[in-house]
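The values are calculated or read from the model by the stated rules, or taken from the named source; none is laboratory data. Predicted model only: the values in this text are computed from it and were never measured. Here the Cβ positions follow ideal geometry from the backbone for every residue, glycine too, while neighbour counts run over all protein chains shown.
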Amino acid sequence: MTAAHSYDALMDITPRPPIVFVRGEGNWLWDGSGKRYLDFVQGWAVNCLGHSPPAIAEALARQSRTLLTPSPAFYNAPSLELAQALVNSSCFDHAFFTNSGAEAIEGAIKLARKYGALHRDGAYEIITFDGAFHGRTLAAMSASGKKAFEPLFEPKVPGFPKAKLNDLDSVKALINRKTVAVMLEPVQGEAGVWPATDKFLQALRELTRQYGLLLIVDEIQTGIGRTGKLFHYQHADIAPDVMTLGKGIGGGVPLGVLLATTSASCFEYGDQGGTFNGNPLMCAAGLAVLQQIDQPDFLQQVVDNGAFFVDELERLSARHGLGEVRGRGLLLALDLERPIGPSIVAEALRDGLLLNAPRPETLRFMPALNVTQYEIAQMISQLDAILAKLGAEVTH
């Protein structure tokens, strides 16, 4: 902390440790004192290529010298190129760019309600799931199934009945004439990395088709290679109607995307917009991200390193009498089976390791997609020592 910095000027909305990060490279961060930290959080799966990757830095510098934003009332080349690249790589036909994942979720909710107004006699309800996290705008919080959100900012936006993940009957029980869509995260990250099974995703696609409902996948955390395919829905070999992206698509800059098929894409002029949406600077970063992930063997490396990571976590769990390892690719969780997550995170910070505990009994791991097995092994070694230390403190 230098004299030039003051903590007081920032709105106090979350507990933060009294350190200031000043530089990042790959899977490492440095604070103002020069201390180095191994980062397995990466801004909650945001920095898919690590901190300050040259490809993104160069794309931003190059684009900043050319055009920042001409206003969304006009076309610009980077947004056209990024939209086409996403459409070519997915089952969708149209893309709308946003400034965040939550804004993409808002767009998906609006699109579904517009679809209901046009095609389903005004239907507006979107079935979501217990444990879901869709963002922090008011409608996104209303769609979420996070218990801590329930008493906040009442009254919530109505129209989001909650089903149970991997329970098709619970979804069926909620369908009525007001239902227009079902929306889910393929892996509930904030809830502790709870995956929807491929079988459930396939059954849900069949169910929504049967009832004429839209299927919306929130891939803000799972998209852009995080689980070993470019988009998680591809694991289940299904074709949703709508998808939201955020986090990894910008590789560290504010960028989100709403994607839809032609049949679901029903906005009319004036329905949707945003001052900075689709600006060339952010879209240039998104293009750089996709170009890197499209490199030969990149996604196979995510799969291979994810499998290595799972093996290491399972051995660690067995050594310390912990629980299961969940997730896919490089979105993983370790069940601690007791509420020691916050203590582990605090001890890890002191040890120069950044970890995340979305629940007191769970650790979540979201390293850069180009993390090395050496860095995974180093993290495991540090976590092993922390668990041994905490175990010794409990028994003495």
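A few points about this structure:
- Sole residue being over 24 Å from TRP44 (Cα atoms) and either in contact with a Cys (Cβ under 9 Å, 6 or more places away or on another chain) or surrounded by 22 or more Cβ atoms within 10 Å (Cβ to Cβ) (or both), chosen from LEU213, LEU207: LEU213
- In segment 334-365, the residue that is nearest to the chain's Cα centre (by Cα) out of those that are assigned to a strand (DSSP E or B) and of a type in the set (A, V, I, L, M, F, W, C) is PHE365.
- Selected residue (criterion: surrounded by the most Cβ atoms within 10 Å (Cβ to Cβ)) from residues of segment 1-56 that are over 24 Å from PRO342 (Cβ atoms) and of a type in the set (Ser, Thr, Tyr): SER52
- Test result for LEU201, within 19 Å of the chain's Cα centre (by Cα) and either part of a loop (DSSP other than H, G, I, E, B) or closer than 25 Å to PHE92 by Cα (or both): yes
- Among residues of segment 173-198 that are assigned by TED's automatic domain parsing to the domain that holds ILE127, those with a beta-carbon under 6 Å from a residue that is among the β-branched types (Val, Ile, Thr) and surrounded by fewer than 23 Cβ atoms within 10 Å (Cβ to Cβ) at least six positions away or on a different chain give the pairs VAL182/THR208; GLY192/THR362.
- Residues in segment 157-182 that are in a helix (DSSP H, G or I) and either surrounded by fewer than 22 Cβ atoms within 10 Å (Cβ to Cβ) or in contact with a helix residue (DSSP H, G or I) (Cβ under 6 Å, 6 or more places away or on another chain) (or both): LEU168, ASP169, SER170, LYS172.
- Any hit, segment 94-106, residues being in contact (Cβ under 8 Å) with a residue 60 or more places away in the chain, in contact with a Phe, Trp or Tyr (Cβ under 6 Å, 6 or more places away or on another chain), under 28 Å from LEU330 (Cα atoms) and surrounded by fewer than 23 Cβ atoms within 10 Å (Cβ to Cβ): yes
- Just one of the listed residues (THR244, THR222, THR275) is in contact with a strand residue (DSSP E or B) (Cβ under 9 Å, 6 or more places away or on another chain), assigned to a loop (DSSP other than H, G, I, E, B) and not assigned by TED's automatic domain parsing to the domain that holds ARG328, and it is THR222.
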